[in-house]
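The values are calculated or read from the model by the stated rules, or taken from the named source; none is laboratory data. Source: prediction; values computed, not measured. Positions of Cβ are generated from backbone atoms using ideal geometry, with glycine treated the same way; all protein chains shown enter the neighbour counts. What goes into the accessible areas is simple: the full protein's heavy atoms, side chains included, and nothing from ligands, DNA or RNA. Shrake-Rupley method; radii C 1.70, N 1.55, O 1.52, S 1.80 Å.
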Amino acid sequence: MLNLAQSHRSIRSFTTQNIDDALLNDLLLSGLRSSSSGNMQTWSVIITRDETNKRQLYEAHGQQQMILEAPVFLTFCADVFRMREWLRVNESKQSFDDLLGFLTGAVDAVIAAQTISLAAESVGLGICYLGTTWWAADRIIDMLALPPGVFPVTSLVVGYPAEAPGLRDRLPLELLVHQEKYTRLSDAQIRQSHAEREQKAWARYNAIESVRQKLADAGITRVTDYYTSEFKYPKELHLRVSKMLIETLQAQGLWL
Ligand SMILES: Cc1cc2nc3c(=O)[nH]c(=O)nc-3n(C[C@H](O)[C@H](O)[C@H](O)COP(=O)(O)O)c2cc1C
(Lines give C-alpha, C1' and ligand atoms only; values in the text may rest on other atoms or scores of the structure.)
Protein backbone atom coordinates (compact mmCIF):
# COMPACT_ATOMS: atom_id res chain seq x y z
CA MET A 1 0.00 0.00 0.00
CA LEU A 2 2.83 2.40 0.88
CA ASN A 3 4.59 1.58 -2.39
CA LEU A 4 1.39 2.05 -4.35
CA ALA A 5 0.62 5.42 -2.76
CA GLN A 6 4.20 6.63 -3.14
CA SER A 7 4.46 5.70 -6.82
CA HIS A 8 1.32 7.50 -8.05
CA ARG A 9 1.59 9.39 -11.31
CA SER A 10 -1.27 10.77 -13.41
CA ILE A 11 -1.87 8.93 -16.69
CA ARG A 12 -3.09 10.92 -19.68
CA SER A 13 -2.67 8.43 -22.50
CA PHE A 14 -4.56 5.14 -22.68
CA THR A 15 -4.65 1.95 -24.74
CA THR A 16 -7.89 0.90 -26.43
CA GLN A 17 -8.41 -1.91 -23.89
CA ASN A 18 -11.78 -1.66 -22.21
CA ILE A 19 -12.41 -2.00 -18.47
CA ASP A 20 -14.80 -4.86 -17.90
CA ASP A 21 -17.95 -4.26 -15.87
CA ALA A 22 -16.96 -6.65 -13.06
CA LEU A 23 -13.66 -4.85 -12.50
CA LEU A 24 -15.29 -1.41 -12.62
CA ASN A 25 -17.86 -2.64 -10.12
CA ASP A 26 -15.07 -3.77 -7.78
CA LEU A 27 -13.47 -0.33 -7.98
CA LEU A 28 -16.80 1.32 -7.18
CA LEU A 29 -17.35 -1.06 -4.25
CA SER A 30 -14.00 0.12 -2.88
CA GLY A 31 -15.28 3.70 -3.16
CA LEU A 32 -18.48 2.72 -1.37
CA ARG A 33 -16.42 1.56 1.62
CA SER A 34 -14.88 5.04 2.05
CA SER A 35 -15.53 7.02 5.20
CA SER A 36 -18.37 9.49 4.80
CA SER A 37 -19.79 12.20 7.00
CA GLY A 38 -22.43 10.71 9.32
CA ASN A 39 -22.34 7.65 7.02
CA MET A 40 -24.84 9.59 4.92
CA GLN A 41 -22.75 8.93 1.78
CA THR A 42 -23.73 12.26 0.30
CA TRP A 43 -22.02 11.58 -3.01
CA SER A 44 -22.85 10.06 -6.38
CA VAL A 45 -20.76 9.12 -9.38
CA ILE A 46 -21.90 9.24 -12.99
CA ILE A 47 -20.19 6.71 -15.29
CA THR A 48 -19.71 7.78 -18.90
CA ARG A 49 -18.68 5.13 -21.42
CA ASP A 50 -20.82 6.20 -24.39
CA GLU A 51 -18.69 7.84 -27.11
CA THR A 52 -21.19 10.62 -27.88
CA ASN A 53 -21.55 11.54 -24.22
CA LYS A 54 -17.78 11.37 -23.76
CA ARG A 55 -17.32 13.77 -26.67
CA GLN A 56 -19.72 16.25 -25.02
CA LEU A 57 -17.72 16.03 -21.79
CA TYR A 58 -14.50 16.40 -23.81
CA GLU A 59 -15.82 19.73 -25.14
CA ALA A 60 -16.96 20.89 -21.68
CA HIS A 61 -13.57 19.96 -20.15
CA GLY A 62 -11.55 22.07 -22.57
CA GLN A 63 -10.87 19.32 -25.13
CA GLN A 64 -8.47 17.27 -23.05
CA GLN A 65 -7.49 14.38 -25.34
CA MET A 66 -7.29 11.82 -22.53
CA ILE A 67 -11.10 11.96 -22.19
CA LEU A 68 -11.54 10.51 -25.67
CA GLU A 69 -8.88 7.85 -25.10
CA ALA A 70 -9.97 6.58 -21.67
CA PRO A 71 -12.67 3.87 -21.74
CA VAL A 72 -14.27 5.16 -18.54
CA PHE A 73 -15.02 8.69 -17.40
CA LEU A 74 -16.28 9.24 -13.85
CA THR A 75 -17.93 12.44 -12.61
CA PHE A 76 -18.06 12.60 -8.80
CA CYS A 77 -20.81 14.74 -7.34
CA ALA A 78 -21.76 16.10 -3.96
CA ASP A 79 -25.28 14.70 -3.58
CA VAL A 80 -27.74 15.79 -0.90
CA PHE A 81 -30.67 15.10 -3.25
CA ARG A 82 -30.84 11.39 -2.31
CA MET A 83 -30.77 12.16 1.43
CA ARG A 84 -33.42 14.85 0.99
CA GLU A 85 -35.62 12.48 -1.00
CA TRP A 86 -35.39 9.96 1.84
CA LEU A 87 -36.34 12.67 4.34
CA ARG A 88 -39.23 13.72 2.07
CA VAL A 89 -40.79 10.27 1.67
CA ASN A 90 -40.58 9.75 5.44
CA GLU A 91 -42.04 13.23 6.00
CA SER A 92 -39.07 14.12 8.21
CA LYS A 93 -37.81 17.67 8.69
CA GLN A 94 -35.84 18.83 5.63
CA SER A 95 -32.18 19.93 5.67
CA PHE A 96 -28.84 19.85 3.81
CA ASP A 97 -29.88 22.28 1.01
CA ASP A 98 -27.15 24.71 2.07
CA LEU A 99 -23.43 25.40 1.81
CA LEU A 100 -22.58 23.03 4.65
CA GLY A 101 -24.57 20.28 2.91
CA PHE A 102 -22.64 20.92 -0.29
CA LEU A 103 -19.24 20.93 1.42
CA THR A 104 -20.10 17.75 3.32
CA GLY A 105 -21.02 16.06 0.05
CA ALA A 106 -17.98 17.47 -1.74
CA VAL A 107 -15.59 16.02 0.86
CA ASP A 108 -17.38 12.65 0.74
CA ALA A 109 -17.18 12.65 -3.07
CA VAL A 110 -13.47 13.46 -3.18
CA ILE A 111 -12.63 10.83 -0.57
CA ALA A 112 -14.51 8.22 -2.63
CA ALA A 113 -12.76 9.39 -5.82
CA GLN A 114 -9.36 8.95 -4.20
CA THR A 115 -10.25 5.48 -2.85
CA ILE A 116 -11.32 4.48 -6.35
CA SER A 117 -8.12 5.99 -7.78
CA LEU A 118 -5.91 3.92 -5.51
CA ALA A 119 -8.00 0.79 -6.14
CA ALA A 120 -7.66 1.39 -9.90
CA GLU A 121 -3.90 1.89 -9.66
CA SER A 122 -3.59 -1.28 -7.57
CA VAL A 123 -4.86 -3.35 -10.53
CA GLY A 124 -2.65 -1.65 -13.14
CA LEU A 125 -5.09 0.99 -14.35
CA GLY A 126 -4.12 4.65 -14.69
CA ILE A 127 -6.14 7.69 -13.65
CA CYS A 128 -6.10 11.45 -14.02
CA TYR A 129 -8.27 13.97 -12.18
CA LEU A 130 -9.93 16.82 -14.04
CA GLY A 131 -10.02 20.21 -12.34
CA THR A 132 -12.02 21.48 -15.28
CA THR A 133 -15.05 19.95 -13.50
CA TRP A 134 -15.35 23.24 -11.59
CA TRP A 135 -14.79 25.34 -14.70
CA ALA A 136 -17.66 23.66 -16.54
CA ALA A 137 -19.92 22.78 -13.58
CA ASP A 138 -22.97 24.54 -15.08
CA ARG A 139 -22.65 22.67 -18.40
CA ILE A 140 -21.93 19.32 -16.73
CA ILE A 141 -25.09 19.67 -14.60
CA ASP A 142 -27.14 19.98 -17.81
CA MET A 143 -25.30 17.20 -19.65
CA LEU A 144 -25.66 14.69 -16.80
CA ALA A 145 -29.20 15.81 -15.82
CA LEU A 146 -28.14 16.44 -12.21
CA PRO A 147 -31.16 17.25 -9.99
CA PRO A 148 -31.18 20.07 -7.36
CA GLY A 149 -28.84 19.22 -4.50
CA VAL A 150 -26.35 17.47 -6.80
CA PHE A 151 -23.17 19.26 -7.88
CA PRO A 152 -20.11 17.95 -9.77
CA VAL A 153 -16.89 18.33 -7.76
CA THR A 154 -14.27 16.28 -9.55
CA SER A 155 -13.84 13.84 -12.43
CA LEU A 156 -11.52 10.99 -13.29
CA VAL A 157 -10.44 9.38 -16.53
CA VAL A 158 -9.66 5.69 -15.98
CA GLY A 159 -8.02 3.25 -18.37
CA TYR A 160 -5.03 1.06 -19.15
CA PRO A 161 -1.88 3.22 -19.40
CA ALA A 162 -0.27 3.78 -22.79
CA GLU A 163 2.53 5.77 -21.16
CA ALA A 164 4.84 5.32 -18.19
CA PRO A 165 5.73 8.82 -17.00
CA GLY A 166 8.28 9.37 -14.26
CA LEU A 167 7.33 10.63 -10.82
CA ARG A 168 6.54 14.36 -10.82
CA ASP A 169 8.40 16.54 -8.32
CA ARG A 170 6.84 17.49 -5.00
CA LEU A 171 7.57 20.24 -2.52
CA PRO A 172 9.66 19.23 0.50
CA LEU A 173 7.42 17.50 3.05
CA GLU A 174 8.30 20.05 5.79
CA LEU A 175 6.54 22.75 3.78
CA LEU A 176 3.22 20.97 4.00
CA VAL A 177 3.52 19.47 7.45
CA HIS A 178 3.42 21.65 10.56
CA GLN A 179 4.05 20.52 14.10
CA GLU A 180 1.30 21.65 16.46
CA LYS A 181 1.02 25.16 14.95
CA TYR A 182 1.33 26.63 11.45
CA THR A 183 4.88 27.76 10.67
CA ARG A 184 5.29 30.73 8.34
CA LEU A 185 8.47 30.94 6.28
CA SER A 186 10.68 33.98 5.76
CA ASP A 187 11.14 35.23 2.20
CA ALA A 188 14.61 33.66 2.12
CA GLN A 189 13.20 30.31 3.28
CA ILE A 190 10.46 30.49 0.63
CA ARG A 191 13.03 31.11 -2.12
CA GLN A 192 15.32 28.37 -0.89
CA SER A 193 12.62 25.76 -0.38
CA HIS A 194 11.01 26.41 -3.78
CA ALA A 195 14.27 26.63 -5.76
CA GLU A 196 14.28 23.01 -6.93
CA ARG A 197 10.63 23.17 -7.91
CA GLU A 198 11.20 26.37 -9.88
CA GLN A 199 14.04 24.75 -11.81
CA LYS A 200 12.22 21.48 -12.48
CA ALA A 201 8.90 23.06 -13.46
CA TRP A 202 10.62 25.61 -15.70
CA ALA A 203 12.63 22.88 -17.43
CA ARG A 204 9.50 20.74 -17.86
CA TYR A 205 7.43 23.52 -19.39
CA ASN A 206 10.26 24.60 -21.69
CA ALA A 207 10.65 21.04 -22.93
CA ILE A 208 7.14 21.31 -24.44
CA GLU A 209 7.70 23.24 -27.68
CA SER A 210 4.25 24.88 -27.80
CA VAL A 211 4.59 26.10 -24.20
CA ARG A 212 8.20 27.23 -24.71
CA GLN A 213 7.10 29.36 -27.65
CA LYS A 214 4.22 30.95 -25.68
CA LEU A 215 6.55 31.74 -22.77
CA ALA A 216 9.10 33.31 -25.10
CA ASP A 217 6.49 35.37 -27.01
CA ALA A 218 4.93 36.67 -23.79
CA GLY A 219 8.35 37.43 -22.24
CA ILE A 220 7.65 35.15 -19.27
CA THR A 221 10.86 34.15 -17.54
CA ARG A 222 9.73 32.61 -14.24
CA VAL A 223 7.44 29.69 -13.51
CA THR A 224 5.42 31.73 -10.97
CA ASP A 225 4.63 34.28 -13.72
CA TYR A 226 3.48 31.40 -15.91
CA TYR A 227 1.11 30.05 -13.22
CA THR A 228 -0.91 33.29 -13.08
CA SER A 229 -0.51 34.19 -16.77
CA GLU A 230 -3.32 34.04 -19.31
CA PHE A 231 -1.97 30.59 -20.32
CA LYS A 232 -2.61 28.82 -17.01
CA TYR A 233 -4.64 30.16 -14.07
CA PRO A 234 -5.25 33.90 -14.68
CA LYS A 235 -7.13 35.87 -12.03
CA GLU A 236 -9.85 36.77 -14.56
CA LEU A 237 -10.60 33.07 -15.06
CA HIS A 238 -10.76 32.50 -11.31
CA LEU A 239 -13.18 35.39 -10.83
CA ARG A 240 -15.38 34.29 -13.74
CA VAL A 241 -15.53 30.65 -12.61
CA SER A 242 -16.03 31.64 -8.96
CA LYS A 243 -19.02 33.82 -9.92
CA MET A 244 -20.48 31.01 -12.06
CA LEU A 245 -20.00 28.51 -9.20
CA ILE A 246 -21.86 30.72 -6.72
CA GLU A 247 -24.70 31.24 -9.20
CA THR A 248 -24.83 27.53 -10.04
CA LEU A 249 -24.76 26.53 -6.37
CA GLN A 250 -27.68 28.92 -5.87
CA ALA A 251 -29.51 27.37 -8.83
CA GLN A 252 -28.90 23.86 -7.42
CA GLY A 253 -30.18 24.97 -4.01
CA LEU A 254 -26.84 24.64 -2.25
CA TRP A 255 -25.85 28.18 -1.38
CA LEU A 256 -27.55 29.03 1.91
C1 LIG B 1 -8.22 18.20 -8.39
C2 LIG B 1 -7.25 17.93 -9.51
C3 LIG B 1 -7.52 18.41 -10.78
C4 LIG B 1 -6.68 18.12 -11.86
N5 LIG B 1 -7.00 18.55 -13.11
C6 LIG B 1 -6.26 18.17 -14.16
C7 LIG B 1 -6.67 18.49 -15.47
O8 LIG B 1 -7.73 19.11 -15.70
N9 LIG B 1 -5.88 18.08 -16.50
C10 LIG B 1 -4.73 17.37 -16.31
O11 LIG B 1 -4.07 17.02 -17.28
N12 LIG B 1 -4.32 17.04 -15.05
C13 LIG B 1 -5.06 17.41 -13.99
N14 LIG B 1 -4.69 17.03 -12.71
C15 LIG B 1 -3.50 16.23 -12.50
C16 LIG B 1 -2.37 17.09 -11.91
O17 LIG B 1 -1.85 17.91 -12.94
C18 LIG B 1 -1.30 16.16 -11.35
O19 LIG B 1 -1.85 15.41 -10.29
C20 LIG B 1 -0.08 16.93 -10.84
O21 LIG B 1 0.55 17.61 -11.90
C22 LIG B 1 0.93 16.00 -10.21
O23 LIG B 1 1.29 14.99 -11.12
P24 LIG B 1 1.13 13.45 -10.76
O25 LIG B 1 -0.32 13.22 -10.41
O26 LIG B 1 1.52 12.70 -12.00
O27 LIG B 1 2.04 13.18 -9.63
C28 LIG B 1 -5.51 17.35 -11.64
C29 LIG B 1 -5.24 16.87 -10.34
C30 LIG B 1 -6.11 17.14 -9.30
C31 LIG B 1 -5.82 16.58 -7.94
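Taken per residue, the accessible surface of the range 173-237 reaches 81 Å², heavy atoms only and a 1.4 Å probe.
Ordering W86, W135 by accessible surface, largest first, gives W86, W135; the 1.4 Å probe counts only protein heavy atoms, with every chain in place. Scanning residues 5 or more positions from V72 or on other chains, those with amide H under 5 Å from its amide H are V158, with H placed 1.01 Å from N in the peptide plane.
Annotation: per residue accessible area for the range 11-51 equals 61 Å², rounded to a whole number [probe 1.4 Å, protein chains only].
Using the Stokes-Einstein relation with a Kirkwood hydrodynamic radius computed over Cα pairs, the translational diffusion coefficient of the range 146-221 at 4 °C and a viscosity of 1.567 mPa s comes to 77 µm²/s.
Dividing the mean sequence gap of close Cα pairs (under 8 Å, 6+ apart) by how many residues the range 44-131 holds gives a relative contact order of 26 percent. Name the residue, out of D187, D225, D21, whose mean-square fluctuation peaks in a Gaussian network model built on the chain with Cα pairs under 10 Å. Looking only at D187, D225, D21, the largest GNM fluctuation is found for D187. Across the chain, Cα pairs under 8 Å and at least six residues apart give a relative contact order of 25 percent. Between L156, L176, L103, the residue with the greatest mean-square fluctuation in the GNM of the chain (Cα pairs under 10 Å linked by springs) is L176.
The stretch between S186 and D217 holds 7.9 nm of extra length on full extension. This uses 0.36 nm per residue minus the Cα-Cα distance.
With all protein chains in place and ligands, DNA and RNA left out, the 1.4 Å accessible area ranks S155, S35, S44, S95 as S35, S95, S44, S155, largest first. The GluC sites (Glu not before Pro) of the range 134-203 that meet both conditions, a loop assignment by DSSP and at most 15 other Cβ atoms within 10 Å of the site Cβ, are E163, E180. In this structure S229 has an accessible area near 10 Å², from a 1.4 Å probe over the protein heavy atoms.
You can think of it this way: the chain between V89 and S242 has 51.6 nm of extra reach, that is 0.36 nm per residue less the Cα-Cα gap. Pick out which of G105, G219, G131 has the largest mean-square fluctuation in a Gaussian network model of the chain, springs linking Cα atoms closer than 10 Å. Sorting by GNM fluctuation, first place goes to G219.
Hey, what angle do you get for helix 51-60 against the long axis of the chain, alpha-carbon based, 0 to 90 degrees rounded to 10? Once rounded, one gets 60 degrees. Note on L29 and R197: the model spin-label points, each 7 Å out from Cα along the C-beta direction, lie 4.0 nm apart. The long axis of helix 21-32 is offset from the longest Cα principal axis of the chain by roughly 90 degrees.
Counting only protein heavy atoms and a probe of 1.4 Å, the accessible surface of the chain is 54% carbon and sulfur. Other residues whose C-beta falls under 11 angstrom from the C-beta of D79 contribute a net charge of 0, scoring Lys and Arg +1 and Asp and Glu -1.
Across the range 1-97, C-alpha contacts under 8 Å between residues 6 or more apart give a mean separation that, scaled by the residue count, equals a relative contact order of 31 percent.
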